[in-house]
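Undergrad: First the structure, which I've put down as structure tokens, then a few questions once you've had a look.
The values are calculated or read from the model by the stated rules, or taken from the named source; none is laboratory data. Just so it is clear, the model here is predicted, and its values are computed rather than measured. Cβ atoms come from the backbone with ideal geometry, glycine included; neighbour counts cover every protein chain shown. Each accessible area value is taken on the protein alone, full model and side chains, heavy atoms only, with ligands, DNA and RNA left out. Shrake-Rupley method; radii C 1.70, N 1.55, O 1.52, S 1.80 Å.
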Amino acid sequence: MSVNNKIEPVVIVGGGLVGGLCALLLAKAGVQAIVLDAAPPLSDTVLQQRDARVWALSTASIGLLKHVDVWQHVQRKADYYGMQVWTRDGYGMLDFGQTQHDAPHDPKDLLGSMVEPSVLGLAIQQELTHQVQQYRTQVRVQRIEKLTDSWQITLNNGECINTSLLIGADGGNSLVRQAAGIGIDQLDYQQAAITCAIKTEQPHQQVARQVFLPTGPLAFLPMTDLGISDHAELHHTEDQSINKQGHWQSVVWTMPEQDAEEFKQLSDADFLTAITKASGSMLGKVLEVQSRAAFPLIAKQADRYVLPHLALIGDAAHVVHPLAGQGVNLGCLDAAVLVDCLLRDHERGLWAHFQSLNRYETQRRSHNSVMMHSFSALGWLQGKRLRPIQWLRNEGLHVVANNPLFLDKFTQQASGQSAIKDTRYAHFC
């Protein structure tokens, strides 16, 4: 066993989007973290295949990624400037941003960007390798123990690392959370999500769409075709090969678990017919499907986000319903708020004071809880077919759609900017 008696300032377990962003924000301020990532290094080969899933990154998340020099390395993304939400059995429709296409898009009107996890993962790994001196991949944590004023991490090669701050960014089944003895509340939605990539007859025109069906929401999220930038994708020229781009979408289709299993078993031809019908042909016929998968929907919330010398961020702290694609953005906001709290200590000659960790927990846990329960309420309302509930759902959508103040509030919330308005990162976003 190799024991290092030095107490490192911070060790981050998990080098994905949230853990990687946290490490890069610290590095940008001159604080080097040790990043322990179980995943293998990625290569440019991930760009040669389409990941059926996308992350709907908010403008706040994009601003943070620009600040740490990751965004410039994202080689494939689909910016979106509009979002449409409606119910199939109702009369209300929400239009966010620019959903009409009679004028060029203005960059200031950007609502967000759809990025495949593998493509973003490659960009993050590139910057971690460049900026973080001890970024380690394919590393397995074997044991985590609490010492008097630190935590000790034992790796599968026998190496022991002591740290005055352990950050768990290791996903929904977090080993850090389990080792710390932090409990978790769990809500089973009794639903599953079918994910896939589809090609539609009509182009997405940089608009995200979501229709609420009696069984759950169906989202069509813009994707960029393989090897095509999002700018070239919708550029109008006489070159028909360019004009035919912009037809690929990432699908998240929520439904009862037993229905999801049936749809998962359908042939491609039958599935194309079913999703075309379910979508109301919102973009014409669905012509192709790739990478169909189904997974259960379960919300999780850790009892605590912090203990002395320990903090949880991202899915290690919370897992929310994929509705509105906010889960990954909540994790990015966790990283930003935590690092801001840590750097305030650092500027005063302190580090990871428990009062500062508690401040992070207070800010983020309450916000994440509101988001989680909002999604639960929406799911409950959507799953009810009683006429009074249908009326309430439709009337609420109609009222919001016709009230500019409500629409503006929704847009601000979705951007994520309000959550970091009091941090040093507000002006980057």
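Undergrad: Tell me, what is the 1.4 Å probe accessible area of residue 424, in Å² to the nearest 10?
TA: Approximately 70 Å² for this residue.
Undergrad: Right, something else. Largest first, what is the accessible-area ranking of 122, 350 with a 1.4 Å probe?
TA: 350, 122
Undergrad: In nm, to one decimal, how far is the residue 5 label point from the residue 47 one, both placed 7 Å along Cα→Cβ?
TA: So the label points at residue 5 and residue 47 sit 4.8 nm apart.
Undergrad: Moving to a separate point now. What FRET efficiency would be calculated for the residue pair residue 354, residue 108, taking the C-beta separation as r and a Förster radius of 35 Å, to the nearest 0.05?
TA: 0.30
Undergrad: Over segment 245-373, what relative contact order in percent results from Cα pairs under 8 Å that are six or more residues apart?
TA: About 18 percent, as a whole number.
Undergrad: Could you bin all the Cα-Cα distances of segment 130-236 into 5 Å bins starting at 0 and give me the percent of pairs in each, rounded to whole numbers?
TA: Values per bin, smallest distances first: 2, 8, 12, 13, 9, 8, 10, 12, 12, 9, 4, 1, 0.
Undergrad: Give me a comma-separated list of calculated 3J(HN,Hα) values for segment 290-297, in order, Karplus coefficients 6.51, -1.76, 1.60 applied at θ = phi - 60°, integers in Hz, x for any Gly or Pro.
TA: Here the 3J(HN,Hα) series is 9, 6, 6, 8, 9, 8, x, 9 Hz.
Undergrad: Calculate the spin-label point distance for residue 149 paired with residue 298, positioning each point 7 Å from the Cα along the beta-carbon direction, and give it in nanometres.
TA: Between residue 298 and residue 149, the label points sit 3.9 nm apart.
Undergrad: Calculate, for segment 1-89, the solvent-accessible area per residue in square angstrom, rolling a 1.4 angstrom probe over the heavy atoms of the protein chains.
TA: Counting only protein heavy atoms, the per-residue value for segment 1-89 is 38 Å².
Undergrad: Zone of residue 190 (label point 7 Å along Cα→Cβ, backbone N under 19 Å): which residues in segment 270-306?
TA: Within reach of a label on residue 190: 295-300.
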